[in-house]
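Asks: Structure provided below as structure tokens; questions to follow.
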């Protein structure tokens with residue numbers, strides 16, 4: 001099923017940790033981009049469709065400063081091609097000794113309406129980028145120009161980023177913890193369960209803060225699930241309180257990873 005705007009909006013209600021659990025429940029174990037951190041933790045949340053750029057190792061006879069005078073240079077074309085609702089995802093082979101982008105390119109990307117920049121390489125001009133209200137996730141910082149290590153070759157092809165396969169059109173979600181990749185065909189399937197898991201975990205956290213022991217609480221047993229549902233009924237009686245003002249679904253059946261009380265959520 002193709003993701004709709006409602007799907008994307010619902011995914012905004014879930015953390016990357018919760019989404020990773022939902023993916024794990026469906027057998028997908030390697031979709032979090034390990035090692036990538038936001039430059040600005042105050043401006044890092046996004047949900048967007050992947051637009052990919054692949055680099056191979058640089059070669060001295062090709063990767064010279066004049067290469068950027070070619071308007072068809074793949075890196076430049078990528079920056080100009082990413083549109084609203086898309087995140088530029090760069091495959092730098094986890095090579096961070098030279099930057100994959102700098103302040104000028106990032107500024108142009110933001111002005112083109114892109115949602116974010118994600119690279120398993122590094123960036124330069126990092127102090128300036130960190131002050132932007134634009135999500136940028138990177139594995140490191142380097143003042144070196146990308147030409148020292150990177151040769152841009154392909155746009156909109158399957159890539160590897162931080163050891164994770166990313167296909168054009170996949171849905172990426174970013175927050176202060178990092179970035180997770182959702183296969184496009186699964187986005188609609190996990191959006192509601194992920195948002196519902198967030199609601200349930202907020203309820204569980206309140207109980208733990210109130211002194212509840214983990215057994216029966218996390219993961220939740222039948223009594224905890226019943227109390228959770230009752231809390232929604234109470235809130236409905238006193239006005240809107242839950243997402244879409246609806247009762248939660250039957251948590252014991254509808255949410256992989258949080259479905260049966262004996263299975264519960266993964267820490």
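Asks: Looking only at the range 96-108, count how many residues are within 13 Å of residue 122 (Cα to Cα) and either within 17 Å of the chain's Cα centre (by Cα) or buried (at least 21 other Cβ atoms within 10 Å of the Cβ) (or both).
Replies: Summing the residues that are within 13 Å of residue 122 (Cα to Cα) and either within 17 Å of the chain's Cα centre (by Cα) or buried (at least 21 other Cβ atoms within 10 Å of the Cβ) (or both) in the range 96-108 gives 6.
Asks: Further question on the same structure: Which numbered condition trips up residue 1, out of (1) modelled with pLDDT of 95 or more; (2) outside the structural domain of residue 143 (by TED's automatic domain parsing)?
Replies: Only one criterion in (1) modelled with pLDDT of 95 or more; (2) outside the structural domain of residue 143 (by TED's automatic domain parsing) is unmet by residue 1, namely (1).
Asks: When residue 217 is evaluated against the numbered criteria (1) touching a helix residue (DSSP H, G or I) at 6+ places or on another chain (Cβ under 7 Å); (2) modelled with pLDDT of 95 or more; (3) part of a helix (DSSP H, G or I); (4) over 30 Å from residue 159 (Cα atoms), which criterion, by number, is the only one it fails?
Replies: Of everything listed in (1) touching a helix residue (DSSP H, G or I) at 6+ places or on another chain (Cβ under 7 Å); (2) modelled with pLDDT of 95 or more; (3) part of a helix (DSSP H, G or I); (4) over 30 Å from residue 159 (Cα atoms), residue 217 misses just condition (3).
Asks: Something else now. What is the residue count in the range 1-34 for residues that are closer than 26 Å to residue 94 by Cβ, in contact with a strand residue (DSSP E or B) (Cβ under 8 Å, 6 or more places away or on another chain) and assigned to a loop (DSSP other than H, G, I, E, B)?
Replies: The total comes to 5.
Asks: Cβ-Cβ under 9 Å, sequence separation 6+ or interchain: first residue in the range 209-224 and on the phi > 0 side of the Ramachandran plot, partner surrounded by 15 or more Cβ atoms within 10 Å (Cβ to Cβ) and assigned to a loop (DSSP other than H, G, I, E, B). Which pairs?
Replies: Short answer, once both residue conditions are applied: 216/261.
Asks: Has the range 164-180 got any residue that is over 15 Å from the mean Cα position of the chain (by Cα) and either modelled with pLDDT of 95 or more or closer than 19 Å to residue 77 by Cα (or both)?
Replies: no
Asks: Would you please name the residue that is surrounded by the most Cβ atoms within 10 Å (Cβ to Cβ), looking only at residues in the range 43-84 that are free of Cβ contacts under 8 Å to residues at least 60 places away in the same chain and closer than 25 Å to residue 7 by Cα?
Replies: Checked the range 43-84; the qualifying residue surrounded by the most Cβ atoms within 10 Å (Cβ to Cβ) is 82.
Asks: Between residues in the range 117-130 that are in the same structural domain as residue 95 (by TED's automatic domain parsing) and on the phi > 0 side of the Ramachandran plot and residues that are in a loop (DSSP other than H, G, I, E, B) and at pLDDT 95 or above, which pairs lie under 7 Å by C-beta distance while being six or more apart or on different chains?
Replies: Close Cβ pairs satisfying both conditions: 125/102.
The values are calculated or read from the model by the stated rules, or taken from the named source; none is laboratory data. Being a predicted model, the structure only gives us computed values, none of them experimental. Because the Cβ atoms are built from the backbone with ideal geometry, glycine has one as well, and the counts that use them run over all protein chains shown.
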